[in-house]
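Right, one structure below, let's go through it.
The values are calculated or read from the model by the stated rules, or taken from the named source; none is laboratory data. Quick caveat: nothing in here was measured; it's all calculated off a predicted structure. Each accessible area value is taken on the protein alone, full model and side chains, heavy atoms only, with ligands, DNA and RNA left out. Shrake-Rupley method; radii C 1.70, N 1.55, O 1.52, S 1.80 Å.
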Amino acid sequence: MAEKGIRLLVGLGNPGPDYEATRHNVGFWFADAVAARNNGQFRVESKFHGLLCRLSIGPADLRLLKPSTFMNRSGRSLAAVARYFDVPPEEILVAHDELDLPAGTVRLKSGGGHAGHNGLRDVISVLGSRDFWRLRIGIDHPGDRQQVVSYVLGRPSREDEGLILDALDDAERCLPDLLGGSFQKAMNRLHGGR
């Protein structure tokens, strides 16, 4: 039996123009890129505490979500959409920034902990499951724990931004595989480099 594909793609980030271009918002960048490529429009959905977009990509029906709660309350929005549309955790992909990967790297994984990421911590807590997929978007590490907060809430260098956007393009090209449940194929493409 083939694995079920992704039905809900959630980009993690903070709302508002102050955060738009920051490293912490690369999950939003990915959701925006997928919507733009497929002529989708986000709409404010107050009952879901976020912005929602519905896409038909081939035979797949995909919802994109950008929580309008702040990062550390992302689970509230995600869980509301997942419950309303009856989407189980294994059909959810959460795109988020990852300090432990170099800029320009994207990794796909299923399950696991939150590794100190407040958005993931809240998603796991509110969803009551770790069994969702994660698209880990590398933003690099500042090298000093004391600098992490200002680093993730800052803008990447022009060079890093270019690397991140290229990596998001790579991830977007794997979307048909993710929607079709071909997760190993997507991993092989993303993890094998260019």
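Using 0.36 nm times the number of residues separating GLU161 and ASP18, minus their current alpha carbon distance, what extension gain do you get? Before the final figure, lay out each step's value.
On the way: separation 143, 0.36 × 143 = 51.48 nm, distance 1.68 nm.
The span from GLU161 to ASP18 would gain 49.8 nm if fully extended.
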Open item on the list: Can you give me the long-range amide H partners of GLY104? Hydrogens built in the peptide plane at 1.01 Å from N, cutoff under 5 Å, separation of 5 or more residues or another chain.
Closed with: GLY138, ILE164
Task: Solvent exposure ordering (accessible area, 1.4 Å, most first) of SER77, SER150 - done: SER150, SER77
Task: Backbone HN-Hα couplings from phi across segment 29-42 [Karplus 6.51/-1.76/1.60, Hz, Gly and Pro as x] - done: 4, 5, 4, 4, 5, 5, 4, 4, 5, 10, 6, x, 10, 7
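Could you check how much of the accessible area of the chain is carbon and sulfur, as a whole percent, using a 1.4 Å probe?
Details: 4380 of 9560 Å².
Summing carbon and sulfur atoms, their accessible area is 46 percent of the total for the chain.
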Task: Per residue accessible area of the chain, 1.4 Å probe, in Å² - done: 49 Å²
Task: Matching label, mean projected area of the Cα convex hull in nm² computed from the structure shown, candidates [x] 10.4; [y] 11.2; [z] 11.8 - done: [x]
Open item on the list: How high is the relative contact order of the chain? Use alpha-carbon pairs under 8 Å, at least six apart in sequence, and give a whole percent.
Closed with: 26 percent
- [ ] Subtracting the Cα-Cα distance from 0.36 nm times the residue separation, let me have the gained length for ALA36 to ASP169 in nm, one decimal.
- [x] 46.7 nm
